[in-house]
Amino acid sequence: MVQVVVKIPESQHGQPNEWAMIELQGTLETRHPVPLGGRFIGDLHFTHKDVPVLIIGHHILYGKVMTLEKPYGIMVKDTSQEETGGPPNYHITAVIKKKLLFKTRPKPIIANVPKKI
């Protein structure tokens, strides 16, 4: 058994920072097979009724906000203790309590182009 030290820093409001995760059904495909890590995917907006709207290219997806049964902690390992031979320390940078679920098929965005007379 190994002792692990977990430190939870507080944000301005006395709670850890809260993040949300996004769940998409299906796969994201691009015209050219390039890795998507660290790249811009799309825009996330919320309607006045707090409905999440995700715009990816020329497609729009409507989702819903769900509360997770068990929250996730985002931890970062502190490597300064390993040099002295002590147990590793972890810092919780954020907690994920909600997810944005997009489970419907995307709808194409069609611009309304006026006809020439």
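Just checking, which of 55, 92 is touching a residue at least 24 places away in the same chain (Cβ under 8 Å), farther than 20 Å from residue 18 by Cα, of a type in the set (Val, Ile, Thr) and part of a strand (DSSP E or B)?
Values: 92 fails: farther than 20 Å from residue 18 by Cα.
Checking each option against the conditions leaves just 55.
All but one of (1) within 19 Å of residue 94 (Cβ to Cβ); (2) surrounded by fewer than 13 Cβ atoms within 10 Å (Cβ to Cβ); (3) modelled with pLDDT under 90 hold for residue 33, so report the exception by its number.
Failing condition for residue 33: (1).
Quick check on my filter: what residues within segment 60-76 are in contact with a Leu (Cβ under 8 Å, 6 or more places away or on another chain) and either farther than 20 Å from residue 25 by Cα or part of a loop (DSSP other than H, G, I, E, B) (or both)?
Result: 63, single match.
The values are calculated or read from the model by the stated rules, or taken from the named source; none is laboratory data. Here the structure is a predicted model, which is why all the values come from computation and not from measurement. Every residue, glycine as well, gets a Cβ built from its backbone with ideal geometry; the counts of neighbours run over all protein chains shown.
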